[in-house]
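Presented below is the structure to which this report refers.
The values are calculated or read from the model by the stated rules, or taken from the named source; none is laboratory data. Quantities reported herein were computed from a predicted structural model and do not represent experimental measurements. Cβ coordinates were reconstructed from backbone atoms using ideal geometry, including for glycine residues, and neighbour counts include every protein chain displayed.
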Amino acid sequence: MLNEIMHEAEEHMQKSTVALVENFKKIRTGRAHPSILDSVTVDYYGSSVPLSQVANISVEDARTLAIVPWEKPMVPEIEKAIMKSSLGLNPATSGERIRVPMPALTEETRKGFIRQARSEAENAKVSVRNGRRDANSQIKDLLKEKEISEDEDRKTHDKVQQLTNKYVAEIDGLLEKKETDLMEI
């Protein structure tokens, strides 16, 4: 029973950090990286599909992405989808190839992205703490029902806290890495 609660709590905390990593991918740095376009969806014959399913996305140089659609009629659709996205990117088409230059980040936009990254990290920490709260309340319920002893209760609460500390530290490390990437010129 206690192992199940611990497992559920760890799973919840792990999902929080995975979600944070995905959210960090959406915050662009000055460098070109194909994962920046992961959130872009394209209208493909009436259905909305991720850009990566209708074209090859590659890094042309440090500040430029190259997109080569698998079908020529998709070029304007892909261009439209990139412009509609909230990424602030302006694609340029040359024949069947679409180039997406990454605009240089100003000090102000860097600070804005850092604020956004800190907010995402704080949301992840809150989610981790919610996992701790849920686990602790389940443990307390078991104690009330006399299914576990007070010693087991205390030990399990300590284990849950150690797990929480581990994931909060991991989130802090991810945030620090993202801030370093954003401040790099």
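Numbers for the structure displayed
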{"read-out": "Residue satisfying all of: in segment 60-69; at pLDDT 90 or above and surrounded by fewer than 19 Cβ atoms within 10 Å (Cβ to Cβ); nearest to Y45 (Cα to Cα) among these", "value": "V68"}
{"read-out": "Residue match in segment 130-139 (condition: assigned to a helix (DSSP H, G or I), under 14 Å from I5 (Cα atoms) and under 19 Å from the mean Cα position of the chain (by Cα))", "value": "yes"}
{"read-out": "Filter result for the condition that a residue is at positive phi, surrounded by fewer than 18 Cβ atoms within 10 Å (Cβ to Cβ) and more than 24 Å from the chain's Cα centre (by Cα), over G95, G88", "value": "G95"}
{"read-out": "Residue that is nearest to A117 (Cα to Cα) [pool: residues in segment 140-173 that are of a type in the set (A, V, I, L, M) and part of a helix (DSSP H, G or I)]", "value": "I171"}
{"read-out": "Hits in segment 90-129 - residues which are free of Cβ contacts under 8 Å to residues at least 60 places away in the same chain and in a loop (DSSP other than H, G, I, E, B)", "value": "N90, P91, G95, E96, P103, T106"}
{"read-out": "Residue within segment 153-166 that is over 17 Å from E10 (Cα atoms) and of a type outside the set (S, T, Y) present", "value": "yes"}
{"read-out": "Residue selected from segment 62-72 under the condition farther than 30 Å from E176 by Cβ and not in a strand (DSSP E or B), by the criterion farthest from the chain's Cα centre (by Cα)", "value": "K72"}
{"read-out": "Filtered residue count, segment 34-58, keeping only those that are without any contact (Cβ under 8 Å) to a residue 40 or more places away in the chain, surrounded by 14 or more Cβ atoms within 10 Å (Cβ to Cβ) and within 16 Å of P101 (Cβ to Cβ)", "value": "2"}
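Residues checked against (1) within 18 Å of R129 (Cα to Cα); (2) in contact with a helix residue (DSSP H, G or I) (Cβ under 9 Å, 6 or more places away or on another chain):
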site	(1), (2)
K146	no, no
S149	no, yes
H157	yes, yes
K166	yes, yes
E170	yes, yes
E176	no, no
M183	no, yes
